[in-house]
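Asks: Have a look at this one before I ask anything.
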Amino acid sequence: MRGQIWYIAILIGLMCLIRFGLSAFGYAAPNWFMEEIGISLSSNPQMPYAIRAWAIRDIVISLLVALADKTTVKMLLVGCIAIDFTDIVSAYLSGVAGLFGTADGWLLKLTSTAIAALLLELGALALLSIRETQENINC
């Protein structure tokens, strides 16, 4: 993210804040996180482990993107896009398969944050690509 134009840095920064903030909360207090998004601990005793596994992945990714320079940030954004896209598809397929009932509002909450991050990542990647193309034309 270092060395970017301000509007690209804002998109990347927002994505990192969303990803890092939710992940830090989930990692530090998985039971409280589950309560906040409506997941029952009694019916999902394995979820604190799954939440911590997801959280540490996203913490590391957000730090890598935030500390990346111009040469590596684009590839990291592609990785983030792949991760968020597969998270969204997995949530959708789980819902279609009937793994979640109507009381499982947490599925929508988690999917909406992945969609928000995905939109920011796609916007930043598009702007980076446009900027790179313009720089190549001007050279």
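Asks: In region 1-77, which helices (runs of 4 or more DSSP H) lie fully inside it and hold 3 or more residues that are open to solvent by 30 Å² or more (accessible area, probe 1.4 Å), farther than 20 Å from Ala117 by Cβ and of a type outside the set (Ser, Thr, Tyr)?
Replies: Hits in region 1-77: 30-37.
Asks: Quick check: anything in region 60-80 modelled with pLDDT of 90 or more and in contact with a Phe, Trp or Tyr (Cβ under 7 Å, 6 or more places away or on another chain)?
Replies: Yes, some residue in region 60-80 is modelled with pLDDT of 90 or more and in contact with a Phe, Trp or Tyr (Cβ under 7 Å, 6 or more places away or on another chain).
Asks: Is region 88-100 home to any residue that is touching a helix residue (DSSP H, G or I) at 6+ places or on another chain (Cβ under 7 Å), at pLDDT below 90 and assigned to a loop (DSSP other than H, G, I, E, B)?
Replies: Yes, region 88-100 contains at least one residue that is touching a helix residue (DSSP H, G or I) at 6+ places or on another chain (Cβ under 7 Å), at pLDDT below 90 and assigned to a loop (DSSP other than H, G, I, E, B).
Asks: List pairs: first residue in region 105-116 and of a type in the set (Val, Ile, Thr), second residue at pLDDT 60 or above and open to solvent by less than 40 Å² (accessible area, probe 1.4 Å) anywhere in the structure, Cβ distance under 7 angstrom, at least six positions apart or on different chains.
Replies: Filtered contacts from region 105-116: Thr111/Ile88; Thr111/Ala91; Ile115/Ile88.
The values are calculated or read from the model by the stated rules, or taken from the named source; none is laboratory data. These figures come from a predicted structure and were not determined experimentally. Ideal geometry is used to build each Cβ from the backbone, glycine not excepted, and the neighbour counts take in all protein chains shown. Heavy atoms of the whole protein, side chains included, go into the accessibility calculation; ligands, DNA and RNA do not. Shrake-Rupley method; radii C 1.70, N 1.55, O 1.52, S 1.80 Å.
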